[in-house]
1. Consider residue 124 carefully, then state whether it is under 13 Å from the mean Cα position of the chain (by Cα), aliphatic (A, V, I, L, M) and either within 15 Å of residue 22 (Cα to Cα) or in a loop (DSSP other than H, G, I, E, B) (or both).
2. Under 7 Å by Cβ, and 6 or more places apart or on different chains, what pairs join a residue from segment 106-125 that is modelled with pLDDT under 95 with one that is surrounded by 12 or more Cβ atoms within 10 Å (Cβ to Cβ) and outside any strand (DSSP E or B)?
3. Among the strands (runs of 3 or more DSSP E) lying completely within segment 22-114, list those that include at least 1 residues that are more than 21 Å from residue 4 (Cβ to Cβ) and open to solvent by 50 Å² or more (accessible area, probe 1.4 Å).
4. In this structure, is residue 9 touching a residue at least 40 places away in the same chain (Cβ under 8 Å) and on the phi < 0 side of the Ramachandran plot?
5. Sort out which residues of segment 66-79 are within 17 Å of residue 12 (Cα to Cα) and out of contact with any Gly (no Cβ under 7 Å at 6 or more places or on another chain), and write them in order of number.
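The values are calculated or read from the model by the stated rules, or taken from the named source; none is laboratory data. Quick caveat: nothing in here was measured; it's all calculated off a predicted structure. Cβ placement follows ideal geometry from the backbone for every residue including glycine, while neighbour counts extend to all protein chains displayed. These accessible areas exclude ligands, DNA and RNA; they are computed on the full protein's heavy atoms, side chains included. Shrake-Rupley method; radii C 1.70, N 1.55, O 1.52, S 1.80 Å.
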Amino acid sequence: LNVAVTSSESKAIEVRRGHVLVKMPDGRKIPLPPYPDFIAAYPEVQSAARRAAIASDPIDFTSAGRQTCDLRFQPLPGTVAALESVYVNMRKICSGLLYFPVQGGIQPGRWEFIIEFEEFDARVPFEIERPQ
């Protein structure tokens, strides 16, 4: 998933990698894997990751004058250090590609991208259509 994370508050909020997940159409929740697991699986997803990095539409249209940063929860091997959390507020937006291990293949239907916080969960629904 190509995502951007920001806040409407002036106070910074922490987005923790361990609190990022997707919910599948069948209700299963898949957390963002630990970085060592991503590195171990990278040879299997390497070509898809490269295609995604090239073909993804930039999300910078949402920056609206905000300071930008990379959402470095899963940086490509040999690039930069992985982060366990990032802080965002109304003046800062972080974006990047996130990879989730989906067992059994991608299901068509309504998915949700979720970030869990103590007070609430941020949920963004999205649809994956059946291949034609």
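1. Spelling it out, residue 124 is indeed under 13 Å from the mean Cα position of the chain (by Cα), aliphatic (A, V, I, L, M) and either within 15 Å of residue 22 (Cα to Cα) or in a loop (DSSP other than H, G, I, E, B) (or both).
2. 107/24; 107/25
3. Working: elements: 29-31, 67-70, 85-88, 92-97.
Output list reads 29-31.
4. yes
5. Selection gives 66, 67, 68, 69.
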